Amino acid sequence: MKVGLFVTNQQKLTTDMVSALDEQFAMVRHARDRGWNSLLTGQHYLNEGDNQQLQTVPFLARLAAEAGEMTVGLGILLLNLHNPVYTAETVATLDVIARGNFIFGVGLGYRDVEFDAFGVPKGERVKRFEAYLDLIQRLWTQDKVSFEGFGIRLDNVHMNIRPVQKPRPPVWMAANNDPAIQRAARLADAWLINPHSTIDTIRRQLALYRSELKTVGKEAPRELPLIKEVFCARDRATALEMAGPYLLAKYRDYAKWGQDKVMPDDTDFNRSLDELIKGRFALGSPEQCYRELEPYWKECGINHIVIRTHWAGMPLATALSSMRLISDELLPALRKV
C-alpha cells in the first residue's frame, strides 16, 4: 500500500497566505521525513464565499522542492479550461522539476463559474476534455502535430520540451458519475477515486470501471488510487471535536458549489457530520481509521490512499497531530497490507 498526502491550497479569507504556505511546507516535510509516498493538490478558480486558493501549478512546483523522493502530482488539473499547448509544456516542465516522479491528474470540473470564465460552452465540455487530452499526448510523443478546433490551430508543429517519463507521465482521471467512470477506463491509466462517494457507491462504480476496461481491452491499472478524508486522534470523540467543524465546513462549501449535484446515487452534502461520515470518512483512533479503510483494499483493490487530513481554517498543530499518529501508528499497519 502506498500512502500519499493531499495538501489543501484553500484557506479562509482572513488567513495570511504567506503564513499558510509555511504551514503547508511543514506538513510536506513531515510526510517526506516519515516516508509517505506521494503529494497531490487540486485546482479551482474564482473561489466563492469565505475562501481563497493558491493556483496548483506554481504551488505544486514550489512544494516539489520540499518533497524529496515523494511522487508529486496534479490532483487535479481542470483540463478543458486550459489551452492544450500550455498544458503540454507546463506538465512537461513539472515532470522535469519532479525528475520524472510525477502524476498527471486531470478532471472535467463541475462549476459553471469556471467554465463561463474560460469560455467553455456547456455542450463542448466533454468534447474539449477528450480532444485536449489526446492532443497533449500527441504533442509529447509525435514529431509533427496538426490540429484545428476550439479556436486552436496547429500546423505540423513540434514541441521541443518533453516529459522525462517516456512516453509520458501516468494519467490519473478523476470521475464522479457513471459516464465519467467509463471515460476514465477508456482514456486514463487509472481512475482517481474521489473522497466524496460512499464505499457502497465506490463498490458499484468499480464494477462499472472494470467492465469498461474489459470492453476496451485494457488491463487493470497498476495503481488504483483513492483520495480519502482521514483524521487520527486518540479516540473518535476527540477526532470529531478536533476535525469535525473544518471537515463539515468543507462539505458545506461543496454543497454551495454544486459538487453533490454531479455525484451519483442521490448524494446530498447538506447533512449533519454524523450522516456524512457514514461510509465516507475515516475519523478516530489509528485502529478505528484502519478498520474504516480496510474494505478499500480488501474489497475494492485500492493500493494507493491519498490522505487529506487538513481543511481550510484548521490550525497547523491540529493537522500535524493527526499526521504524527498516521505516521507512527496507521502508516506501519498500512505498509503490511
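Bear in mind these aren't lab numbers, they're just calculated from the coordinates by the rules spelled out. No experiment lies behind these values; they were computed from the predicted model shown. Counting neighbours? That spans all protein chains shown, and the Cβs are built from the backbone with ideal geometry, glycine included.
Quick one: count up the residues across the stretch 15-32 that are in contact (Cβ under 8 Å) with a residue 24 or more places away in the chain and either assigned to a helix (DSSP H, G or I) or exposed (fewer than 12 other Cβ atoms within 10 Å of the Cβ) (or both).
From the stretch 15-32, those in contact (Cβ under 8 Å) with a residue 24 or more places away in the chain are 15, 17, 21, 23-32; that's our starting set.
From what's left, either assigned to a helix (DSSP H, G or I) or exposed (fewer than 12 other Cβ atoms within 10 Å of the Cβ) (or both): 17, 21, 23-32.
Residues in the stretch 15-32 being in contact (Cβ under 8 Å) with a residue 24 or more places away in the chain and either assigned to a helix (DSSP H, G or I) or exposed (fewer than 12 other Cβ atoms within 10 Å of the Cβ) (or both): 12 in total.
Could you list, in sequence order, all residues of the stretch 210-252 that are charged (D, E, K, R), assigned to a loop (DSSP other than H, G, I, E, B) and closer than 24 Å to residue 73 by Cβ?
Within the stretch 210-252, the subset charged (D, E, K, R) is 210, 212, 214, 218-219, 222-223, 228-229, 234-236, 241, 250, 252.
Filter once more, keeping what is assigned to a loop (DSSP other than H, G, I, E, B): 218-219, 222-223, 234-235.
Scanning the stretch 210-252 gives 218, 219, 222, 223.
Given the structure, is residue 43 free of Cβ contacts under 8 Å to residues at least 40 places away in the same chain, buried (at least 16 other Cβ atoms within 10 Å of the Cβ) and not in a helix (DSSP H, G or I)?
On the way: free of Cβ contacts under 8 Å to residues at least 40 places away in the same chain: yes; buried (at least 16 other Cβ atoms within 10 Å of the Cβ): yes; not in a helix (DSSP H, G or I): yes.
Yes; evaluated as a whole, the condition is true for this residue.
I need the full set of residues from the stretch 82-103 which are in a helix (DSSP H, G or I), within 25 Å of residue 121 (Cα to Cα) and in contact (Cβ under 8 Å) with a residue 60 or more places away in the chain, in order please. Steps first, answer last, please.
Of the residues in the stretch 82-103, the ones in a helix (DSSP H, G or I) are 84-97.
Cutting the leftovers down to within 25 Å of residue 121 (Cα to Cα) gives us 84-91.
Those that are in a helix (DSSP H, G or I), within 25 Å of residue 121 (Cα to Cα) and in contact (Cβ under 8 Å) with a residue 60 or more places away in the chain: 84, 85, 88, 89, 91.
Inside the stretch 46-61, can you point out the residues that are in a loop (DSSP other than H, G, I, E, B) and of a type in the set (Gly, Ala, Ser)? Write out each step before concluding.
Step one: of the stretch 46-61, the residues in a loop (DSSP other than H, G, I, E, B) are 46-51, 54-55.
Within the stretch 46-61, just 49 meets the criteria.
Residues in the stretch 109-123: is at least one among the small types (Gly, Ala, Ser), without any contact (Cβ under 8 Å) to a residue 60 or more places away in the chain, part of a helix (DSSP H, G or I) and touching a strand residue (DSSP E or B) at 6+ places or on another chain (Cβ under 9 Å)?
no
Can you find, within the stretch 132-179, the residue that is surrounded by the most Cβ atoms within 10 Å (Cβ to Cβ) among those that are acidic (Asp, Glu) and part of a helix (DSSP H, G or I)?
The initial filter retains those residues of the stretch 132-179 that are acidic (Asp, Glu), namely 134, 143, 148, 155, 178.
From the residues that got through so far, the ones that are part of a helix (DSSP H, G or I) too are 134, 178.
Values: 134: 13, 178: 16.
Among those residues, the one meeting the criterion is 178.
Can you tell me which residue is nearest to residue 12 (Cα to Cα) among those in the stretch 290-312 that are in contact with an Asp or Glu (Cβ under 9 Å, 6 or more places away or on another chain) and not in a strand (DSSP E or B)?
312
Among (1) more than 28 Å from residue 197 (Cβ to Cβ); (2) outside any loop (DSSP other than H, G, I, E, B); (3) out of contact with any Ser or Thr (no Cβ under 7 Å at 6 or more places or on another chain); (4) in contact (Cβ under 8 Å) with a residue 12 or more places away in the chain, where does residue 129 come up short?
(1)
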